[in-house]
Amino acid sequence: MILRIGNAYGIPVTESMISGFSGIIAASAAGKTIASWFPGVKIGIAAAVTYGVGKAAQRWFENDMQMSEAEIETVFRKSCASYKR
């Protein structure tokens, strides 16, 4: 998904770019993954995390990949929280 978003912005995406971005998001997504152990919430959490990653990647590319880890994490968390099923 990150590759496609980067391509939409005309930015050639490398594996190291994806690894760096994914590393930032992984810590935030971990808590949501633990919550997915509860029956009935797994699909909603997966959808919210996917939405959050996409929105964070979009903002990252829009800002020429010049966002701090804290800014990326904030966009991710707010996007996950605002996701509507």
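Listed by first and then second residue, the pairs with beta-carbon distance under 8 Å, at least 6 apart or on different chains, first residue in region 1-20 and surrounded by 14 or more Cβ atoms within 10 Å (Cβ to Cβ), second in a loop (DSSP other than H, G, I, E, B) and of a type in the set (Val, Ile, Thr), are Ile2/Val13; Leu3/Val13; Gly6/Val13. Taking the criterion of being more than 13 Å from the chain's Cα centre (by Cα) and not in a loop (DSSP other than H, G, I, E, B), the residues of region 40-79 that qualify are Lys42, Ile43, Gly44, Glu62.
Can you tell me which residues in region 49-85 are closer than 17 Å to Gly20 by Cβ and either of a type in the set (Lys, Arg) or touching a strand residue (DSSP E or B) at 6+ places or on another chain (Cβ under 9 Å) (or both)? Within region 49-85, Arg59 is the sole residue that qualifies. Taken over region 46-76, the residue count meeting the criterion of being more than 17 Å from Gly6 (Cα to Cα) and surrounded by fewer than 16 Cβ atoms within 10 Å (Cβ to Cβ) is 7. Taking first residues from region 52-76 that are among the β-branched types (Val, Ile, Thr) and partners that are part of a loop (DSSP other than H, G, I, E, B), the Cβ contacts under 7 Å between residues at least 6 apart in sequence or on separate chains come to Val53/Met1.
Every read-out reported here was derived from the displayed coordinates using simple, explicitly stated rules and does not represent laboratory data. Because the structure is predicted, anything quoted here is derived from the model rather than measured. Neighbour counts are summed over all protein chains in view; Cβ atoms, including those assigned to glycine, are modelled from backbone coordinates with ideal geometry.
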